[in-house]
Structure formats: C-alpha cells, structure tokens
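*Asks:* This is the structure I want to talk about, given as structure tokens.
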Amino acid sequence: MIGISKIKAGGHVYSVEYVDVVEPFMQRIGQVNLLTHEIRIHKDMAISKQEEVLLHELVHIICDLCKFDMSEEDTGRFGVVLHQIWKDNPDLFSREELPE
C-alpha cells in the first residue's frame, strides 16, 4: 500500500482505504464517493498502480468541483499522464527551483 490514509481536496478531507474488494459484484480497482468523502483502492496491485488509481480518483474529485464533464476514459488518461509527470519529476514540488 502507498500509505496515504487521508487527502484534502477542495476543502474536504477524503479518507483513503485499501480494500480486497472495491465494490461487490463490480470489477473496479478504485472508487471515490463524493458524498461520504471516501476513496477505496484495491490493495492487491503494484504500488505504482495504486498511485495511478489514487490520482485517477482525484481527477474525479477535480471534475466534480470544477463541473467538468469528463468521460471515464478521459479521466483514466488524465490520471495516467498526471502519474507519469509526477514520477518523472520527483522534485516537482520541492522548494528548489527546477533547472531551465
């Protein structure tokens, strides 16, 4: 597990839970509940996939907050690209300036 148990987005604290089954009778690897502020991620995945799924669920939150109408497929792509940028630039949010 990636070890993140809470994350704040849009002024709300979302709990992050790593589970054996995200939703019974549905094959999902992640899900966000915008009413209860809960994110559920399947725990039997590689750490990098859990990170990617968490970012995907955060994209759903962003879309809801900004009233963006994004398909599940587009949300998936956006989450993958965010994950790639984050992993390829580990110092992205450091206080030091990035080289030009």
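Throughout, read-outs are computed from the coordinates displayed, never taken from laboratory work. All values derive from a computational prediction rather than experimental measurement. All Cβ positions, even for glycine, are placed from backbone atoms using ideal geometry, and neighbour counts span all protein chains on display.
*Asks:* For the residues Met1, Met26, what sequence is obtained by ranking on other C-beta atoms within 10 Å, fewest first?
*Replies:* On the way: Met1 12, Met26 8.
Listing Met1, Met26 from fewest to most nearby Cβ atoms yields Met26, Met1.
*Asks:* Taking the Cβ of each residue in Leu58, Leu92, Leu65, Leu82 as the centre, tally the other Cβ atoms inside 10 Å and list the residues starting with the fewest. Walk me through the numbers on the way to the answer.
*Replies:* On the way: Leu58 20, Leu92 10, Leu65 13, Leu82 17.
Going from sparsest to densest Cβ surroundings: Leu92, Leu65, Leu82, Leu58.
*Asks:* Taking 8 Å as the Cα distance limit and 6 or more residues as the minimum spacing, I'd like the relative contact order of the stretch 6-88 as a percentage. It would help to have the intermediate numbers written out before the result.
*Replies:* Numbers: 101 pairs, mean separation 19.6, N = 83.
With pairs under 8 Å counted, the relative contact order is 24 percent.
*Asks:* Report which label in (1) -0.60, -0.65, -0.83, -0.99; (2) -0.35, -0.41, -0.73, -1.09; (3) -0.58, -0.62, -0.77, -1.00 holds the value of log10 I(q)/I(0) by the Debye sum over Cα atoms at q = 0.11, 0.12, 0.16, 0.20 Å⁻¹ derived from the coordinates of this structure.
*Replies:* Label (2) holds the value from this structure.
*Asks:* Against the longest principal axis of the chain, how steep is helix 47-66, in degrees 0 to 90 to the nearest 10, with axes from Cα atoms?
*Replies:* The helix 47-66 is inclined about 90 degrees to the chain.
*Asks:* Give the range of the longest stretch in the chain that excludes all chymotrypsin sites (Phe, Trp or Tyr not before Pro) found in loop regions by DSSP and having at most 13 other beta-carbon atoms within 10 Å.
*Replies:* Details: sites that count: Phe25, Phe68, Phe93.
That would be 26-67.
*Asks:* Starting from the 7 Å offset along Cα-to-Cβ, what nm value, one decimal, do you get for the label separation of Val13 and Glu73?
*Replies:* So the label points at Val13 and Glu73 sit 3.9 nm apart.
*Asks:* Mind pulling the angle between the C-alpha long axis of helix 72-88 and the longest principal axis of the chain? Nearest 10 degrees, somewhere in 0 to 90.
*Replies:* Orientation of helix 72-88: about 40 degrees from the principal axis.
*Asks:* Looking at the stretch 6-88, how many pairs of lysines come closer than 21 Å at the Cα, when each pair is eight or more places apart or spans two chains?
*Replies:* 9
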